[in-house]
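J.: Here it is, the structure, as structure tokens.
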Amino acid sequence: MVKYVYNVIIIASLAIVASFFYRFSFWNMLMGTSLLSMPWAFQQAGMAQGIIVQVVMCGLAVYTAYLLLIASEKLTDPVTKKAPEYTEMCRNLVGRWAEWLNILASTVILASALIVYWILMVELLYNAVNSVYYFAGGLNNIHHSNVTNLTGEFDNERCMVQEKTFSYDPSSSLIPGWNKNLTVPLLFIPIFLPILLLKKMSFFAKLGALGALSVFALMSIVFVKYVQWGWNADFANTKNKHYIPQILGSFPSLSGLLGMAYFIHNSVTTIFKHNRNQGNNVRDLKIAYMLVLITYMFIGLGVYLTFPLQKSCIKQNFLENLPWNDYLSLAVQVLLFLRMVTVYPIVAYILRVQIFAALVGNEYPGKFYVFVFNIIIMAACVLCAIFYPNIGDIIRYAGAFCAMALMFILPCAIHVILLRRDQSLSKVSCFIHFLIAVVGVINFVAQFTL
């Protein structure tokens, strides 16, 4: 019964996505690296609790984004019609400390995004090259310790979904010297070092269509794998390898990850001030977030319920569970790699502009300072790719901190101050918004209890 209900949800979800395709821009901006960790996050939370956490976090994100839209509308200049940005509202209403908290949280989220992008580029390139080598006939040159014949389809010991005639140790490359933990992380330094010295990144911004294509490709491979793998969920027998618990104490992994997944609050006023019909802003915001929720549920819950091995085998990047001799996986990983390559310079540029503008009042203080800045950023990326390539953990730590500051505390503070200024603040409203801020703090602290 649950299986058929899930099929209906999938069909209905795709229909809704198609009918609201014109809100695709906002949806596309929210689709990020969190998608690849969503199945792992569901595995950390359990099915029922995972769904509840998804809905609650999405609802809180919508509400606090709505508070920012309302605040921006109230503070819009009646003559010039210029609406204030988020940082301006923090500085003018809450104080300089709020502005610096905004800048700090934004810096953390951008820096962590760069680290995650680097790790993903390493993993995607590593797997893609091994796949191409395999399909090109390189299998004949591989040592027998890496390749064996299988009688079954799944390799539980290695947490790897295998083809019937192919198995390998995922920690070992098919190519001698091609090392994911040493060789590959260093390859991107000579590529990005000169690119990041550019003053503008307009060329890479024009390649934004790759983002939408990669998301649709990711949804496609999830659907194909769902059909191939079939239903692999047991809700009763705890000894079954497909057993799915409803509640797990590690659910903060999901709530922390969703802090980044649902975050767009720094840009929400900028995005919606260009909406032709300003009266539809709130409605469009709700619909856009609903589409995002459906996409996250489709990918996260879809992989979680159909994954053919033990659910604890789901990796923080679920594409790492797919074999190198999978054509569809290769195509998706190449597309995602191209997206990461085009997005990385843009995010690095935004981070550079934000830091230098805040510290020295100049977005480009000179090639030497920019060079040093780029070296520091890439060094952090390389070190994490070598010693801590856990994208799910990086996202949840950064996401929880960012959400605490920019999604929970500051929007509520701005709203309460505006209500007090209008002499319409009630004790109930003050308590509710204080409670929302506390939820953000608890979510951040909970990340360190796992």
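The values are calculated or read from the model by the stated rules, or taken from the named source; none is laboratory data. For clarity, every value in this text was computed on a predicted model and none was experimentally measured. In this analysis, Cβ positions are derived from the backbone assuming ideal geometry, glycine residues included, and neighbour counts consider all displayed protein chains. Accessible surface is based on the protein model in full, side chains and every heavy atom, while ligands, DNA and RNA are left aside. Shrake-Rupley method; radii C 1.70, N 1.55, O 1.52, S 1.80 Å.
J.: Heads up, I need the accessible area for residue 81: 1.4 angstrom probe, whole protein in place, Å², nearest 10.
T.: 150
J.: Modelling each spin label as a point 7 Å along the Cα-to-Cβ direction, I'd like the residue 182/residue 132 distance in nm, to one decimal.
T.: Going from the residue 182 label point to the residue 132 one covers 2.3 nm.
J.: Also, quick follow-up: Report the gain in length on full extension from residue 199 to residue 368: 0.36 nm times residue separation, minus Cα-Cα distance, nm rounded to one decimal. Mind showing how you got there, number by number?
T.: Numbers: separation 169, 0.36 × 169 = 60.84 nm, distance 1.27 nm.
Stretched fully, the residue 199-residue 368 segment lengthens by 59.6 nm.
J.: Report the Cα centroid-to-centroid distance between region 31-62 and region 236-276 in angstrom, as an integer.
T.: Cα centres, region 31-62 to region 236-276: 3 Å.
J.: What is the sum of charges around residue 373, taking Lys and Arg as +1, Asp and Glu as -1, for the other residues whose C-beta is under 14 Å from the C-beta of residue 373?
T.: Values: positive: 199, 352, 367; negative: 363.
Neighbourhood net charge equals +2.
J.: Turning to a different aspect of this structure: Out of residues 5 or more away from residue 315 or on other chains, whose amide H comes under 5 Å of its own, with H placed 1.01 Å from N in the peptide plane?
T.: Long-range HN contacts for residue 315: 321.
J.: To the nearest 0.05, how large is the calculated FRET efficiency for residue 227 and residue 48 if R₀ is 30 Å and r is the Cβ-Cβ distance?
T.: On the way: r = 25 Å, r/R0 = 0.83.
The calculated FRET efficiency here is 0.75.
J.: Next question. Largest first, what is the accessible-area ranking of 363, 88 with a 1.4 Å probe? Before the final figure, lay out the partial values.
T.: Numbers: 363 90, 88 50 Å².
Ranked from most to least accessible, the order is 363, 88.
J.: Excluding residue 32 itself, calculate the net charge of residues whose Cβ lies under 14 Å from the Cβ of residue 32, where each Lys or Arg counts +1 and each Asp or Glu counts -1.
T.: Values: positive: 339, 396; negative: none.
Net of charged neighbours comes to +2.
J.: So what does residue 132 come to for accessible area, using a 1.4 Å probe and Å² rounded to 10?
T.: Rounded to the nearest 10, that gives 80 Å².
J.: Count charges around residue 334 for me, please; just the other residues with Cβ under 14 Å from its Cβ, Lys/Arg as +1, Asp/Glu as -1. Walk me through the numbers on the way to the answer.
T.: Details: positive: 339; negative: 123, 326.
For residues surrounding residue 334, the net value is -1.
J.: Give me the accessible area of residue 315, 1.4 Å probe, in Å² rounded to the nearest 10.
T.: Residue 315 has an accessible surface of roughly 60 Å² with all protein chains in place.
J.: Then there is this: What is the distance in Å between the Cα centroid of region 349-388 and that of region 70-104?
T.: 26
J.: Would you mind giving the three semi-axes, in whole Å and largest first, of the ellipsoid equivalent to region 366-405 according to its Cα gyration tensor? Numbers along the way, then the final one.
T.: Numbers: eigenvalues 123, 51, 4 Å².
Semi-axis lengths for region 366-405 are 25, 16, 4 Å.
J.: Let me ask something else about it. Under the 0.36 nm per residue contour assumption, what length would be gained going from the current alpha-carbon distance of residue 213 and residue 312 to full extension? Write down the numbers at each step before the final one.
T.: Details: separation 99, 0.36 × 99 = 35.64 nm, distance 2.95 nm.
Contour length minus the Cα-Cα distance gives 32.7 nm.
J.: Take region 211-291, compute every pairwise Cα distance, and split them into 5 Å bins from 0; I just need the percent in each bin.
T.: 3, 10, 10, 13, 17, 17, 12, 8, 6, 3, 1, 0
J.: So how do 90-103, 396-409 stack up, highest first, on mean other-Cβ count within 10 Å? It would help to have the intermediate numbers written out before the result.
T.: On the way: 90-103: 17.0, 396-409: 26.5.
Result, highest mean first: 396-409, 90-103.
J.: Run the simple label-point estimate for residue 237 and residue 383 please: 7 Å along Cα→C-beta, distance reported in nm.
T.: With each label point 7 Å from Cα toward Cβ, the separation is 4.9 nm.
J.: Can you tell me the mean projection area, over all orientations, of the convex hull of region 385-440's alpha carbons? Units nm², please.
T.: Values: hull surface 16.6 nm².
Mean shadow area of the hull around the Cα atoms is 4.2 nm².
J.: Now a separate question. Above 20 Å lies some portion of the pair distances; for region 331-450, what is it as a whole percent of all C-alpha pairs?
T.: 65
J.: Rounded to two decimal places and with Rh computed the Kirkwood way over Cα pairs, what is Rg over Rh for region 267-322?
T.: Values: Rg = 17.4 Å, Rh = 13.9 Å.
So for region 267-322, dividing Rg by the Kirkwood Rh gives 1.25.
J.: Which order do the peptides 258-266, 111-119, 243-251 take when ranked by the mean count of other beta-carbon atoms within 10 Å per residue, highest first? Kindly include the intermediate steps, with their values, before the conclusion.
T.: Numbers: 258-266: 25.9, 111-119: 23.4, 243-251: 15.2.
Order by mean packing, descending: 258-266, 111-119, 243-251.
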